[in-house]
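Okay, so here's the structure we're looking at.
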Amino acid sequence: MNKKLSVNMELEEIQNELSKKDRLNNDYLVLRGNNEDWYVTFNGIFKNKVKLIYLDPPYNTKRSRGARKNYLDTNSNWDKNIFNTIKKAYEYLTEDGFLAISINQMELFTLKNILDEVFNKESFVGIFPIKIRHHERQLMINATFHDVYEYLLIYRKNKTTRFINKMGKPRMEKFIYKIKIKEDKPIVKNVGGKKIEIYETNQYEIIKDKPSMKNFRRYIIAGKIATANWSGEVYEKHLKKLGTDKLIKVYGLDKKWKGFRWFITGNHKRKSGVYFQPAESAGRPILFSNHIDYTDIVTNVYKEGGEGIDFKDSKKPEVLLNLLMEMTTKEGDLVMDLFGGSGTTLAVAVKKNRNCILIENNADFIDIIKKRLDNIKSGKDLDEVKYNFNYNYFDSTSEWKNPTFLKKS
Ligand SMILES: C[S@@+](CC[C@H](N)C(=O)[O-])C[C@H]1O[C@@H](n2cnc3c(N)ncnc32)[C@H](O)[C@@H]1O
């Protein structure tokens, strides 16, 4: 073979290898059949295991649906069916798990009532209206009004569980103090049930520096900080009386950082004490917002998943699943979708390194899911990345025997 050609080929192989994202330790399961039947088949094995369940059921719009209006989206047992599915979903969820369910306005309030009953009202996290149509582009001239929204209802099993927020950077200009320990031989004591270490003036130095994430901000313990702040209270109650100009490390505070906080007691010039807050734990959480506008991307969603994934039945944008997984899961968590459709949830789970179980009862759609997974493996999805993963497929009519998957979950 021509030498130049072989070098080029090697390069290509190396590049392919680099772009392969390894997901071989993850579990992916595609199941064909009714999600209620699979619940029976699972026989309790996924109870309390799933961190996020996404449901995108038929909306029961009573209208002809699908791009070619080829089926009537109506089900006189809709309430009962969805109640049963949600009840099962509730059991799959971990204690800190979330359920997110898509719906449009037709059954929104029926669905809210059902969710309140299964989860209870206090577990309602919120409603996320999703703008899916341009308000100025009206297609259905016979409608009473131009409806541009769909909705996402989010519930959590435990009312105290929060979304996984990212921390914003604090205002840096105040973080200019460094604490240098010159002689690490503190006196160790216990005050008010907390371990403390006391350094004398000659054992430490406070250095002023330029603003940095590695530095501390200094708070004078006076006014509200002395009376209505944990650190202020600890200082006033236990540290103030330990003498002047002592540097004190108090354990059991600032758990977001290293589990301790620095204080310096007052002196004749500065009567109040001070405490130091590290920049690393000072940022405020950046809350997720329920302002979601997909009007500019919906027209291109048909391309997601690569060629052959032109799914006409309400295919969801990958960014939606991406957002839900960001809000509620970490890498390695288990995600479940009981109305698989074209496999959007599983596709995003692979890309975001989550485990995933997907159920879909229509055999034609299962073929689409399989094709989508092949596309992801071979770098034929829009991002052109090759993901290295395996998945197991089971048909409800075939025997359920998957010890390798179950061993880990
Ligand atoms: C709206 S689509 C889901 C679309 C999907 N979110 C996506 O992005 O491609 C609803 C899917 O649920 C499936 N389905 C409906 N009832 C089901 C059931 N009881 N068990 C399993 N799948 C069901 C339908 O065949 C359909 O593919």
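The values are calculated or read from the model by the stated rules, or taken from the named source; none is laboratory data. A quick note: this is a predicted structure, and the numbers were derived from the prediction, not measured. Heads up, the Cβs are rebuilt from the backbone with ideal geometry, glycines too, and the neighbour counts pull from every protein chain shown. To get the accessible areas, we keep the full protein, side chains included, count just its heavy atoms, and leave off ligands, DNA and RNA. Shrake-Rupley method; radii C 1.70, N 1.55, O 1.52, S 1.80 Å.
Overview of results
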| quantity | calculated |
| --- | --- |
| Cβ pairs under 6 Å, 6+ apart, first in region 298-316 and more than 18 Å from H134 (Cβ to Cβ), second open to solvent by 50 Å² or more (accessible area, probe 1.4 Å) | G306/K380; G308/K371; D310/Y302; K312/A67 |
| Residue tally, condition acidic (D, E) and within 21 Å of N158 (Cβ to Cβ), over region 77-116 | 4 |
| Some residue of region 350-364 being within 13 Å of the ligand (Cβ to nearest atom), assigned to a helix (DSSP H, G or I) and at pLDDT below 95 | yes |
| Enumeration of residues in region 36-76 that are open to solvent by 20 Å² or more (accessible area, probe 1.4 Å), within 11 Å of the ligand (Cβ to nearest atom) and either basic (K, R) or at pLDDT 85 or above (or both) | E36, D37, Y39, D56, P58, R65 |
| Matching residues in region 347-358 - criterion: being crowded, with 24+ Cβ neighbours inside 10 Å and over 11 Å from N26 (Cβ atoms) | A347, V348, I357, L358 |
| Residue within region 80-103 that is within 16 Å of the ligand (Cβ to nearest atom), in the same structural domain as N362 (by TED's automatic domain parsing) and surrounded by fewer than 13 Cβ atoms within 10 Å (Cβ to Cβ) present | yes |
| Members of region 329-340 found to be surrounded by fewer than 22 Cβ atoms within 10 Å (Cβ to Cβ) and touching an Asp or Glu at 6+ places or on another chain (Cβ under 7 Å), listed by number | F339 |
| Output for region 87-103, where each listed residue is aromatic (F, W, Y) and under 14 Å from the mean Cα position of the chain (by Cα) | F98 |
| Count of residues meeting criterion [crowded, with 20+ Cβ neighbours inside 10 Å and either out of contact with any Asp or Glu (no Cβ under 8 Å at 6 or more places or on another chain) or free of Cβ contacts under 8 Å to residues at least 12 places away in the same chain (or both)] in region 275-288 | 4 |
| Filter pass, A89 being within 25 Å of S342 (Cβ to Cβ), modelled with pLDDT of 85 or more and either aliphatic (A, V, I, L, M) or out of contact with any Ser or Thr (no Cβ under 8 Å at 6 or more places or on another chain) (or both) | yes |
| Of residues in region 199-220 being more than 36 Å from the chain's Cα centre (by Cα) and part of a strand (DSSP E or B), the one farthest from E280 (Cα to Cα) | Y199 |
| Helices (runs of 4 or more DSSP H) wholly inside region 19-121 containing at least 2 residues that are under 30 Å from N388 (Cα atoms) and of a type outside the set (A, V, I, L, M) | 35-42 |
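Conditions (1) at pLDDT 95 or above; (2) within 13 Å of the ligand (Cβ to nearest atom); (3) open to solvent by 50 Å² or more (accessible area, probe 1.4 Å), marked per residue:
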site	(1), (2), (3)
D293	yes, no, yes
N300	no, no, yes
G306	yes, no, no
F311	no, yes, no
L320	yes, yes, no
E326	yes, no, yes
